[in-house]
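Bear in mind that the values in this text are calculations on the coordinates, not laboratory data. As the structure is a computational prediction, the values presented were derived from the model and not from experiment. Neighbour counts are summed over all protein chains in view; Cβ atoms, including those assigned to glycine, are modelled from backbone coordinates with ideal geometry.
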Amino acid sequence: MASTAKKVINELLVEVFNHILSIEQEHLRKRGVELSMNEVHVLEAVKKSEEATMSNIAKRLRVTVGTLTSSINRLVKKGYCERYSNPEDRRKVFIRLTDKAEEMLRIHDDFHEEMIDATLEDLALEENELLIESLEKLSAYFKDKY
């Protein structure tokens, strides 16, 4: 692939990623959510984990348990999640979301829904099969590679 094409693809991916994060952060702020995007993604990982243990959540986020511990400590302090242990095996620490976190995640999900609806409407993407196929390949590549 020509170096110009590589440069353009890199710039587009980084630009789209940064725009989405920035818009998402602003959307959440306007709705009263005062969490970092990192904290939002930690809560999302808790929700999506079948067994929300510290190690499972850390694995899902591709971070160390130590890094996750710092985030969870802040989220517990802010009232977004709670730690608990299984009485039969107290070594295993679980995380559960509070009602406050569930409400925030609904706001977050609404943002994604609105973003996708607007993108489909404004760009008529449902008609562009090549773009959708390319995005699916790109997504599969990142999942396989990383």
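Charge tally around Ser49: other residues with Cβ under 11 Å, Lys/Arg +1 each, Asp/Glu -1 each, net +2. Annotation for Lys137 and Arg90: the two label points, set 7 Å from Cα along the Cα-Cβ direction, are 5.6 nm apart. Scalar couplings 3J(HN,Hα) for the stretch 35-52, obtained by applying the Karplus form with A = 6.51, B = -1.76, C = 1.60 to θ = phi - 60°, are 10, 6, 5, 4, 5, 4, 5, 5, 4, 4, 5, 4, 4, 7, 7, 4, 10, 7 Hz; x denotes Gly and Pro. For the chain, relative contact order (Cα pairs under 8 Å, six or more residues apart, normalised by length) works out to 18 percent. Can you tally the net charge around Tyr80? Count Lys and Arg as +1, Asp and Glu as -1, for every other residue whose Cβ sits under 14 Å from the Cβ of Tyr80. Once positives and negatives cancel, what remains is +1. When the helices of the chain are scored as -39500 (n - 2.57) per DSSP H run of n ≥ 4 and the total is divided over every residue, the value at 222 nm lands at -23500 deg cm²/dmol.
Over the chain, the Kirkwood radius and the radius of gyration, each from Cα atoms, give a ratio Rg/Rh of 1.04.
Largest GNM mean-square fluctuation among His112, His27, His19, using the chain with Cα springs under 10 Å: His19. The amide H of Cys81, built 1.01 Å from its N in the peptide plane, has Val76, Thr98 as neighbours under 5 Å, considering only residues 5 or more places off or on other chains. Name all residues of the stretch 15-49 having a backbone nitrogen under 16 Å from the label point set 7 Å from the Cα of Ile107 along its Cα→Cβ direction, giving them as ranges. Flagged as within label range: 22-44.
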